[in-house]
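We did not get these values from a lab; they are worked out from the coordinates using the rules stated. These numbers come from a predicted model, not from an experiment. Here Cβ is always computed from backbone atoms with ideal geometry, including for glycine, and neighbour counts include all displayed protein chains.
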Number of protein chains: 4
Amino acid sequence: MLNVGIVGGTGYTGGELLRILCGHPKVEIVAVTSRNAIGKKIEEVHKNLRGIVDMEFVDTRPKIAKECDVVFTAVPHTKAMSIVPELLKYGSKVIDLSADYRLNVKEYERIYGVEHTDKERKAIYGLPEIYREDIRDADLVANPGCFPTGAILAAAPIVRGGYVERIIFDSKTGISGAGVNPTENSHYPNLAENVIPYKMIDHRHVEEMREELGVKVSFTPHIIAAIRGILTTAHVILKRKLTLKDAVEIYNTAYRKEPFIRLYDDIPSLSYIRGTNFCDIGGFSLEEDNDRLVIISVIDNLVKGASGQAVQNMNIMFGLDEKMGLFYPGLSP
Amino acid sequence: MLNVGIVGGTGYTGGELLRILCGHPKVEIVAVTSRNAIGKKIEEVHKNLRGIVDMEFVDTRPKIAKECDVVFTAVPHTKAMSIVPELLKYGSKVIDLSADYRLNVKEYERIYGVEHTDKERKAIYGLPEIYREDIRDADLVANPGCFPTGAILAAAPIVRGGYVERIIFDSKTGISGAGVNPTENSHYPNLAENVIPYKMIDHRHVEEMREELGVKVSFTPHIIAAIRGILTTAHVILKRKLTLKDAVEIYNTAYRKEPFIRLYDDIPSLSYIRGTNFCDIGGFSLEEDNDRLVIISVIDNLVKGASGQAVQNMNIMFGLDEKMGLFYPGLSP
Amino acid sequence: MLNVGIVGGTGYTGGELLRILCGHPKVEIVAVTSRNAIGKKIEEVHKNLRGIVDMEFVDTRPKIAKECDVVFTAVPHTKAMSIVPELLKYGSKVIDLSADYRLNVKEYERIYGVEHTDKERKAIYGLPEIYREDIRDADLVANPGCFPTGAILAAAPIVRGGYVERIIFDSKTGISGAGVNPTENSHYPNLAENVIPYKMIDHRHVEEMREELGVKVSFTPHIIAAIRGILTTAHVILKRKLTLKDAVEIYNTAYRKEPFIRLYDDIPSLSYIRGTNFCDIGGFSLEEDNDRLVIISVIDNLVKGASGQAVQNMNIMFGLDEKMGLFYPGLSP
Amino acid sequence: MLNVGIVGGTGYTGGELLRILCGHPKVEIVAVTSRNAIGKKIEEVHKNLRGIVDMEFVDTRPKIAKECDVVFTAVPHTKAMSIVPELLKYGSKVIDLSADYRLNVKEYERIYGVEHTDKERKAIYGLPEIYREDIRDADLVANPGCFPTGAILAAAPIVRGGYVERIIFDSKTGISGAGVNPTENSHYPNLAENVIPYKMIDHRHVEEMREELGVKVSFTPHIIAAIRGILTTAHVILKRKLTLKDAVEIYNTAYRKEPFIRLYDDIPSLSYIRGTNFCDIGGFSLEEDNDRLVIISVIDNLVKGASGQAVQNMNIMFGLDEKMGLFYPGLSP
């Protein structure tokens, strides 16, 4: 059994880690910390866990690091970089769900507006479909952002083939990505019967996409009236001709053996992957006259876009079956 | 391993049986029938099962009965009574999700407007919290309706205590209870931003409630803008005084050991039980002047209200741990 | 032209007053106050008014009272009672949308937990269908609460007929009734795919219902996943027999000439009255064995439940056509 | 007073025409036809009109044409071209809400797969912001499609300036655009908590955009969980540099005097234009490195995207104030 800890367990990603890990056959949850909820029962915060997870939030980070084989850090951006070094020092492996170790330091500092206090640390970008071998040996995995996961997986094969001039990712996300605290955007009268574009050109996640894809990338996110899920419409502008059949074949080749990528011709739906670690990719369409290839990807932002992918990384890091605790159907309808 | 069959696998309850059973550690799904989809891949109908359930719909009911330890019949009301006898004859146990064996024959014939063609058959009403011992030995279990499950569980303890003069159940249900086929009520412009009362006094399910509770029962269902879930507001009119503390204690005593009932003081939420077999009961409030006790119950109509409860019954019938394959947290948020 | 002022114009009811009044042919909006938004353009707060209402929020209450024929006070409960006397003193009529003048003082002080500082003032309860004649001559109208409007209109005729033993109002409301500020209940992940019961026995509005109806009244509100609208299911327990036909006839007689009440046999829908001042009443059903009559009413909580009814009262107070500026179809779908 | 007729009045656009026209001070609705509902009361089909529009559906097209100054044809594509000639012949002007007269004949026949039976007829494309002068004198106006209205208005000024290489319109539409009949896409369990891309490269409306804009246009529509509204994200790829300030100025200049276009810096919202004839345009953002200008437009698909624009055209054709009956605030929240 793996001894597992969670630092920062009161948010949606913390709750989702608990939802997944409490059913994982090789995991023992040892401790869950929270600065603001010390001593409170976990099931009072995550009421879906009532009768299932019988623990309290604690505040013993050094102890966690010593007792745990792996710790998930689910704390806000700019906070993780002060916690992670300590955890690693005491011998735990770390999977960080914040942005602190995803980017090159210079871009990170520009985007997040703070100095990085743990500059020299090397982390592996935790996208198993691309970095699986590196993840196996990693002590620190930087779990990808939700938008980059859906976008990069949608575009990587065709980019690697050398066909792409530029990509415009137009993404539609459920509101849970914005967290547990009520905001203007999450206020029901504002979001229901609506769709809210934001950060039209400069969302923080675009840099992750650019670093991983290496082509001209534009990105505009929109919040939809949904709790979970990200659907990304990848408008891929081609610089070389190819047929639709060839495009589909490139994806088949790239993802044939991937346990959590499902390819199909028809259009992916948030309904098919709700609550799961799958990234479904489909809807391939080629607008020949305009050299535009359209690809649709869907993920659950809290699972493949965060906590599920983190557990997938854990499975890889500890030599477990990559699908363990994660391979179940979506809640559909 | 139990060999399990499903008759009528294309609807929501069929899909939900597959979602649950494909992760059940003691179940082998042997065959899934459908008159209209013979030869079609299951994952083409239930696309959330892609890559997980690799089977085709078949039409071999006699064969199913011979090969299976238990068959779930998920066919429309009035159809089951012609299928169930055959299945039982060939040696399979049966859990029927239709209404055909839930009621006394006379009421059934009045409500469904057909003659019952299998009148003499005895079935056990599959509400484990009430009939667990009978279910153990049953060959045929009549799985309860979705509304009755939530309503009866909300009211049974206080009724048994002899406190109740009458009950008005005002229920709010997600639209998935109405099935996979688009209708006026399921048409998004009609249901979104709305709530639709229907069958204000004569919903078919009220008779189940009356037979099980034995007091004066009224029932008015409403469709809410939700996919899953039933929240029932039980307005219980008392004929004997009791304190709120006593009322809560009656429920604690009744349900203390129930694995799928969670009691609490605060108000239950569809969010906490989404996708699960739990029935959460809470919100206990006593309006003393008016002798009204209010109790709120929530279930997932497709799980505890249908397929999950059916699997719970299966576990009991075959001596398995009642929680097997069913004990996991709700998808929240 | 009537000179009209609004005190407290930044909330939903203030915005809705502006939406309605800006199209009213006999109204000139003279001033709109807001403590927190002085000097801000109204269209920056109510962006639907852009290009239509070109005014700024001011803070000149005495001046308002002098310049206006009528002032609407749309301020929180317990605030109105210190503003209203001043407005009346300077010669304006007042329509108060708060609860401050709706109840007898003793009940008010018990429910709102403050001493009433304007105890002797007499206000008319602004439900035109019941108090039209009194409203004509009123200087101060206490505009009814949203839930009481829908509930009282649904039940008054049958109560007046002497048929009623008790009523249980089970209401379902859109979230806009809770105001413009984000809260736990208005947080999209909490409300979507859900229905939230609250104040199961002791919502502040129940006292209004009791004072107006004079029979045993119970009330349980639920928030539904909708922006606007209240649907009330009135479970009326009868003490005298009557036929369904007679019940319907009682309503026809009572409401035949009412411009804003529409009666019909089929089930009312929030969709038909969205954005309007109508109260649709229907769904009449008689459960004879249990002496239960079910009646459904629907209103738009921000219109007939607040600002629209306030304008209806204004029309009556100033001898205008009661329908003026208010008689248009709902936004359906 | 204008005598007005509607051919095909049972659908959403027919209902919306009635909702708008019944409040238009210069309009008398003379007749509303429907093949399937002859003799039925209009308010039984459009229940929001109860007590307001007291007419029956008729089937007297020749008569309509003789009695009416203008007829709106709200019939399916390919049906209008057999009705319009007759109406014109008998002396009525016609505003056709179908696609039959929007495109050049060759493209029309390719896209709709039928031969055009009224090839020689000249119609004016009814986008007042572009063709106002031509509309004044038109006998036949082809009312634009919903998507083209939002897309063309979002892009026309910058295209006319000669700055544009190509545009990708990624649109998000409420489901009412798909009509009153329940479908797979409008089935609540399929659409709620989801977003549905469709016709990724070949939606019929793209040709309208191409004919009007004259540059390389790509278009991908998505259905969102909303009843009304289209939000279009215009990803404009520039071929010449310009500053964001210049871009905004181009729009200010183009639309300064337009009564139904509202420009602003912040992000447009479906909530601000719900139920109205406005097209709000904003969210201007310039991604300099990638030569991408992002512009957001919002319309109500049933109003500015259909029936409201049709009435706007009517006002222009008959020399009325263009805003008459159409200039009111959106239903927000």
Describe numerically, in nm with one decimal, the distance between label points set 7 Å from Cα along Cα→Cβ at A:D137 and at C:E56.
6.8 nm
Count the net charge of all other residues whose Cβ sits under 11 Å from the Cβ of D:E165, scoring Lys and Arg as +1 and Asp and Glu as -1.
+4
Qualifying GluC sites (Glu not before Pro) for the stretch A:52-144 [loop in DSSP, other Cβ within 10 Å: at most 15]:
A:E115, A:E120
In order through the stretch B:321-333: 3J(HN,Hα) via Karplus (6.51 cos²θ - 1.76 cosθ + 1.60), integer Hz, x for Gly, Pro
4, 4, 7, 4, x, 10, 9, 8, x, x, 7, 10, x
Residues meeting the amide H criterion for A:M55 (H placed from the backbone, H to H distance under 5 Å, 5 or more places apart or on another chain) are A:I42, A:E43
Over the stretch B:2-121: Rg over Rh, Cα atoms, Kirkwood Rh:
0.99
Over the whole of C:227-233, what's the average partner chain Cβ count within 10 Å per residue? Rounded to a whole number, please.
5
Sequence gap at least 6, Cα distance under 8 Å: using those rules, report the relative contact order of chain D to the nearest whole percent.
17 percent
The stretch A:131-236: trypsin sites (Lys or Arg not before Pro) in DSSP loop, at most 15 other beta carbons within 10 Å
A:K199
Of all the C-alpha pairs in the stretch C:220-333, what % are more than 20 Å from each other?
47 percent
Around C:R204: net Lys/Arg minus Asp/Glu count, Cβ-Cβ under 13 Å:
-3
Residues with beta-carbon under 15 Å from that of B:T243, excluding B:T243: net charge, scoring Lys, Arg +1 and Asp, Glu -1?
-3
Note: D:282-289 gets an average of partner chain Cβ contacts (10 Å, Cβ to Cβ) equal to 3
Over 20 Å between Cα atoms: which of A:K257/A:K304; B:K93/B:K119; A:K47/A:K323; B:K63/B:K93 fall into that group?
A:K47/A:K323
Which chain A residue comes nearest the axis with its C-beta when you rotate A onto B, and by how many angstrom?
A:L331, 3
How far is B:G162 from itself in the other copies, in nm, if each label sits 7 Å out from Cα along the Cα-Cβ line, shortest first?
3.8, 8.9, 9.6
Extending each Cα 7 Å along its Cβ direction at D:R35 and A:D321, get the distance between those two points in nm, one decimal.
5.8 nm
Return the loop-located trypsin sites (Lys or Arg not before Pro) in the stretch D:256-333 (DSSP other than H, G, I, E, B) with at most 10 other Cβ atoms within 10 Å of their own Cβ; answer none if there are none.
D:R256, D:K257
Hey, what did the stretch A:278-333 get for relative contact order, percent, Cα under 8 Å, at least 6 apart?
23 percent
Please list the non-local residues whose amide H lies under 5 Å from the amide H of A:T73, H modeled 1.01 Å from N, same-chain partners needing a gap of 5 or more.
A:V7, A:I95, A:D96, A:L97
If you plug each phi of the stretch A:14-25 into the Karplus form 6.51 cos²θ - 1.76 cosθ + 1.60 with θ = phi - 60°, what whole-Hz ³J(HN,Hα) values come out, in order, with x for Gly and Pro?
x, x, 6, 4, 5, 4, 6, 5, 5, x, 7, x
Applied in sequence order to the stretch D:157-171, the curve 6.51 cos²θ - 1.76 cosθ + 1.60 (Karplus, θ = phi - 60°) yields integer Hz couplings, x standing for Gly and Pro, of x, 6, 5, 4, x, x, 9, 9, 8, 7, 10, 10, 8, 10, 9
For C:177-184, what's the mean count of beta carbons from other chains sitting within 10 Å of each residue's beta carbon?
4
Which value in Å does the Kirkwood hydrodynamic radius of the stretch B:75-188 take, with 1/r averaged over all unlike C-alpha pairs and then inverted?
16.1 Å
Inter-copy distances for C:D266, label 7 Å out on the Cα-Cβ vector, sorted ascending, nm, one decimal, are 3.2, 4.0, 4.2
At 20 °C and 1.002 mPa s, what whole-number value in µm²/s does Stokes-Einstein give for the translational diffusion of chain C, with Rh from the Kirkwood sum over Cα pairs?
106 µm²/s
For label points placed 7 Å from Cα toward Cβ, what is the shortest-first list of nm distances from B:E288 to its copies?
4.0, 7.2, 8.2
Report the convex hull volume per residue for the protein assembly as shown, counting only C-alpha atoms, in Å³.
178 Å³
Tell me which residues come under 5 Å, amide H to amide H, from D:F219 once H is placed; ignore anything under 5 positions away on its chain.
D:F169
